[in-house]
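S.K.: Just dropping this structure here.
The values are calculated or read from the model by the stated rules, or taken from the named source; none is laboratory data. Just so it is clear, the structure is predicted and the values come from calculations on it, not from any experiment. Because the Cβ atoms are built from the backbone with ideal geometry, glycine has one as well, and the counts that use them run over all protein chains shown.
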Amino acid sequence: MTEIKDTENLIKLLDDNDEYVYQHVRGKLMELGNDALPALLMSLTNDNPLLNERIKNIIDEIYFSEVDAKFKALSEKKENILEEAVFLIANYGYPEMDMNKYKNELDEMSTKLNLSIDKMKTNPLIPHDDPLQIIKIINHFLFYQQGYKGNTENFYEPENTFFNDVMDRKKGIPISLSILYLLVCKRLNLPTYGVNLPAHFIIKYVDERDEFYIDPYNNGIVISKSEAVKFLSRIGLTKEDFDSISFLKIADDKDIIKRSLNNLVNIYTRSGDTQKTEQLKKIMSYFE
């Protein structure tokens, strides 16, 4: 009880006109970190604009210091970091978010898809070794049964990148819908990978026999490699040229994370939110 009272007394000093006092109190509250959050949040109900602004800034800094440390630790891992990073980005926007709720939802979707795929394999009229049949099932489930779609009306809003928003609203931009697709396919043990196109993001399916592209932003439309080569041949490119195009190469987890973070940097830069812009740039630097 004494510690809570001490924290409350510190908070009351946040609107002191003396900058030295303010910075000293701010430093003490930052040292307390998460332990100071309950009292800080309760103090937001007051009618003092300056105090409110300073409390909000400190709360934001405490939340950021925690998520920043998690991002730094994550960046030191070599692979299989996409899902954790996606939910950390969402956690940056929504500090109180329960990521297990969304991970469980992904698990449930994958379980339903597995049942549909197993059922398909019992049909003698369908070639079971054709991955396109599985992709058709995934596309039908995600884009028609679940209702996921591209957000064509408000492309430049942070909710299109925060993964909890994407799952709650069932809409997003090319990279966020592709991430959804990748996380589902990973649970189904399918060889799918991200592809960083200029101004777009798609998925590549590749195994020993098959190679094609999937566009989740456009309801999972499939483009075969031969179709892509044929299209590029019309503008004078050969198959060898196609194979050497750098932006058709597989994007690793860090590439995808950087692109997602950069989307948010651009959004907050446009809106003039300098604090969020600088915070996200710092997080991005860990993945360079």
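S.K.: Hey, does region 61-77 have a residue that's small (Gly, Ala, Ser), crowded, with 17+ Cβ neighbours inside 10 Å, at pLDDT 85 or above and in contact with a Ser or Thr (Cβ under 8 Å, 6 or more places away or on another chain)?
M.R.: Here is the first cut: in region 61-77, the ones small (Gly, Ala, Ser) are 65, 69, 73, 75.
Okay, now just the ones that are also crowded, with 17+ Cβ neighbours inside 10 Å, so 75.
Retained after the next criterion (residues that are at pLDDT 85 or above): 75.
From what is left, the residues that are in contact with a Ser or Thr (Cβ under 8 Å, 6 or more places away or on another chain) are none.
No, region 61-77 has no match at all.
S.K.: What's the number of the only condition in (1) surrounded by 14 or more Cβ atoms within 10 Å (Cβ to Cβ); (2) modelled with pLDDT under 95 that residue 283 fails to meet?
M.R.: Answer for residue 283: the failing condition is (2).
S.K.: Scan the helices (runs of 4 or more DSSP H) fully inside region 46-156 and keep the ones with 3 or more residues being without any contact (Cβ under 8 Å) to a residue 24 or more places away in the chain, out of contact with any Lys or Arg (no Cβ under 8 Å at 6 or more places or on another chain) and over 22 Å from residue 261 (Cα atoms). Outline the logic, then answer.
M.R.: Numbers: elements: 49-75, 82-93, 99-120, 131-139.
The qualifying helices (runs of 4 or more DSSP H) are 49-75, 99-120.
S.K.: Here's something else I'd like to know. How many of the residues making up region 165-189 are assigned to a helix (DSSP H, G or I) and over 17 Å from residue 256 (Cα atoms)? First the steps, then the outcome.
M.R.: Narrowing region 165-189 to residues assigned to a helix (DSSP H, G or I): 165-169, 174-187.
From the residues that got through so far, the ones that are over 17 Å from residue 256 (Cα atoms) too are 165, 167-169, 187.
So the answer is 5.
S.K.: Quickly run through region 31-53 and pick out the residues that are more than 25 Å from residue 68 (Cβ to Cβ) and exposed (fewer than 12 other Cβ atoms within 10 Å of the Cβ).
M.R.: Scanning region 31-53 gives 45, 47, 49.
S.K.: Take the conditions in the same structural domain as residue 214 (by TED's automatic domain parsing), out of contact with any strand residue (DSSP E or B) (no Cβ under 7 Å at 6 or more places or on another chain), free of Cβ contacts under 8 Å to residues at least 40 places away in the same chain and of a type in the set (Lys, Arg) and apply them to residue 169. Does it pass?
M.R.: Details: in the same structural domain as residue 214 (by TED's automatic domain parsing): yes; out of contact with any strand residue (DSSP E or B) (no Cβ under 7 Å at 6 or more places or on another chain): yes; free of Cβ contacts under 8 Å to residues at least 40 places away in the same chain: yes; of a type in the set (Lys, Arg): yes.
Yes: the conditions hold for residue 169.
S.K.: Moving on. Does region 193-222 hold any residues that are acidic (Asp, Glu) and either free of Cβ contacts under 8 Å to residues at least 24 places away in the same chain or assigned to a strand (DSSP E or B) (or both), and which are they?
M.R.: So in region 193-222, the residues acidic (Asp, Glu) come out as 207-208, 210-211, 215.
The answer is 208, 211, 215.
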